[in-house]
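Participant: One structure is given below, represented as structure tokens, and several questions about it will come after.
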Amino acid sequence: MNFTDAVKVCFNKYAEFKGRASRSEFWWFQLFYVLIALIGTMINPVLGGIVYLALFLPLLAVSVRRLHDKDKSGWFLLIYCVPLIGAILMLVWFCQRGTIGDNRFGPESVVTA
């Protein structure tokens with residue numbers, strides 16, 4: 001999945017917390033989120049805050065779907081509340097390969113080239 005496909009998929013599923021998201025979908029959208037928020041903040045800090053808020057729900061949804069790809073509940077995002085260790089654990093999970101084949105959250109995410 002390339003950059004534009006990942007961003008399109010995330011906006012099409014902006015509030016969909018069911019299903020799975022591939023690593024490429026998740027990381028391309030993370031890159032998009034950081035770039036857009038950074039540009040918005042450079043233009044005007046208030047605009048940057050609006051961008052952060054506008055993209056928060058799609059970011060949350062793709063994060064939950066990424067955890068589903070690892071066969072973990074979306075509630076595991078609350079591990080971020082644990083200082084340092086939570087962020088490290090989430091980074092490891094987001095970087096790892098997802099479950100091969102179907103899992104309880106649906107069929108394997110299809111990555112288009």
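The values are calculated or read from the model by the stated rules, or taken from the named source; none is laboratory data. Keep in mind that what you see is a predicted model, and the values were worked out from it rather than measured. Note: ideal-geometry Cβ built from the backbone for every residue, glycine included; neighbour counts use all protein chains shown. We work out accessible area using only protein heavy atoms, side chains counted, and drop any ligands, DNA or RNA first. Shrake-Rupley method; radii C 1.70, N 1.55, O 1.52, S 1.80 Å.
Participant: How far is helix 85-95 tilted, in degrees, relative to the longest principal axis of the Cα atoms in the chain, given as a value from 0 to 90 rounded to the nearest 10?
Facilitator: It works out to around 70 degrees.
Participant: Given the C-alpha atoms of the range 1-49, compute the convex hull and give its volume per residue in Å³.
Facilitator: Hull volume over Cα atoms, normalised by residue count, gives 75 Å³.
Participant: Let me ask you something else. If we count trypsin sites (Lys or Arg not before Pro) as exposed when they sit in a DSSP loop and have at most 12 other beta carbons within 10 Å, what is the longest stretch of the chain that avoids them all?
Facilitator: With a cap of 12 other Cβ atoms within 10 Å, the longest stretch comes to 19-96.
Participant: Taking K and R as +1 and D and E as -1, what net charge do the other residues with C-beta under 15 Å from the C-beta of Gly19 add up to?
Facilitator: +3
Participant: Let me ask something else about it. If I fit a long axis through the Cα atoms of helix 45-69 and take the longest principal axis of the Cα atoms of the chain, what angle between them do I get, 0 to 90°, rounded to 10?
Facilitator: Orientation of helix 45-69: about 0 degrees from the principal axis.
Participant: Quick check for me: using +1 on Lys/Arg Cβ and -1 on Asp/Glu Cβ, what's the dipole size of the chain about its Cα centre, in debye to the nearest 20? Can you show the working numbers first?
Facilitator: Working: 11 positive and 7 negative charges, 27 e Å.
Charge dipole, the chain, about its Cα centre: 140 debye, nearest 20.
Participant: Using a Gaussian network model of the chain whose springs link C-alpha atoms within less than 10 Å, name the residue from Leu67, Leu84, Leu53 with the highest mean-square fluctuation.
Facilitator: Result for the chain, Cα springs under 10 Å: Leu84 fluctuates most.
Participant: With the chain treated as a Gaussian network of Cα nodes joined by springs under 10 Å, which of Pro83, Pro45, Pro58 yields the largest mean-square fluctuation?
Facilitator: Pro83
Participant: Quick check for you: with a 1.4 Å probe and neighbouring chains kept, what is the accessible area per residue of the chain, in Å²?
Facilitator: Numbers: 6850 Å² over 113 residues.
Value returned for the chain: 61 Å² of accessible area per residue.
Participant: Taking only Cα atoms, what is the 0 to 90° angle, nearest 10, from helix 23-43's long axis to the longest principal axis of the chain?
Facilitator: 10
Participant: Please report, as a whole percent, how much of the solvent-accessible surface of the chain comes from carbon and sulfur atoms (probe radius 1.4 Å).
Facilitator: Carbon and sulfur together cover 72 percent of it.
Participant: While we're here: What dipole magnitude, in Debye to the nearest 20, does the range 1-54 give about its Cα centre under +1 on Lys/Arg Cβ and -1 on Asp/Glu Cβ?
Facilitator: Details: 5 positive and 3 negative charges, 33 e Å.
Using Cβ point charges on Lys, Arg, Asp and Glu, the range 1-54 gives about 160 debye.
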